[in-house]
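The values are calculated or read from the model by the stated rules, or taken from the named source; none is laboratory data. The structure displayed is predicted, hence computed values, not measured ones. Note: ideal-geometry Cβ built from the backbone for every residue, glycine included; neighbour counts use all protein chains shown.
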């Protein structure tokens, strides 16, 4: 794994307008959806199938979503700049899922497996300086998630939708082709996040 250090990244120099009430509500719903669909839904009574889909009717039984209409869910998914979610209609019923970011090990997303031939030219992981010493010592780690997350470029680069926070202080560039040659798997999610499960312990070690 090769590393390049980029300090102080992604801070915007222009003033952003204050968020509207609608923006705040949308953000709150999006964060709640992320939690339930990626991490805590099963403990709260939300049923996810093996591919991570939950029915909208089941979702509405949870207090956070009881007043939402299917049109609001569709609009939120369509307008999400990071394309975190997907919806589908099946058997006359609406379903929703998170495209990546799960800590639920039993969810098996329909991911595109990558090879040395179809890898993006850049595979980069965004993190923070407080993690640098640990990363140098042991490599990247899935932590509580099923995959290590990468982006095919820095935020605002062409084709980069998600995979890295804008506040990241450290960019770690990975030689994914060499990692694949060493037996590591890489995948692409529906919103163009590059994912790697690491080794049996969830690590992509430095070398």
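Residue check: residue 195 meets all listed conditions (1) assigned to a loop (DSSP other than H, G, I, E, B); (2) closer than 22 Å to residue 83 by Cβ but one, namely (1).
Residue 129 passes every criterion in (1) under 30 Å from residue 155 (Cβ atoms); (2) surrounded by 15 or more Cβ atoms within 10 Å (Cβ to Cβ); (3) touching a strand residue (DSSP E or B) at 6+ places or on another chain (Cβ under 7 Å) apart from (2). Condition (residue is within 26 Å of residue 26 (Cα to Cα), assigned to a loop (DSSP other than H, G, I, E, B), touching a strand residue (DSSP E or B) at 6+ places or on another chain (Cβ under 7 Å) and modelled with pLDDT under 90) applied to the range 136-148: is it met by at least one residue? The answer is no; no qualifying residue exists.
The single condition from (1) outside any loop (DSSP other than H, G, I, E, B); (2) surrounded by fewer than 18 Cβ atoms within 10 Å (Cβ to Cβ) that residue 171 fails is (2).
Of the set (1) at negative phi; (2) at pLDDT 50 or above; (3) touching a strand residue (DSSP E or B) at 6+ places or on another chain (Cβ under 6 Å), all apply to residue 6 but (2). Out of all the residues in the range 151-168, is one or more in contact (Cβ under 8 Å) with a residue 40 or more places away in the chain, buried (at least 19 other Cβ atoms within 10 Å of the Cβ) and in contact with a helix residue (DSSP H, G or I) (Cβ under 9 Å, 6 or more places away or on another chain)? For the range 151-168, residues in contact (Cβ under 8 Å) with a residue 40 or more places away in the chain, buried (at least 19 other Cβ atoms within 10 Å of the Cβ) and in contact with a helix residue (DSSP H, G or I) (Cβ under 9 Å, 6 or more places away or on another chain): absent. For the range 35-63, a residue qualifies if it is at pLDDT below 90, crowded, with 16+ Cβ neighbours inside 10 Å and in a helix (DSSP H, G or I), and the qualifying residues are 36, 37, 38, 39.
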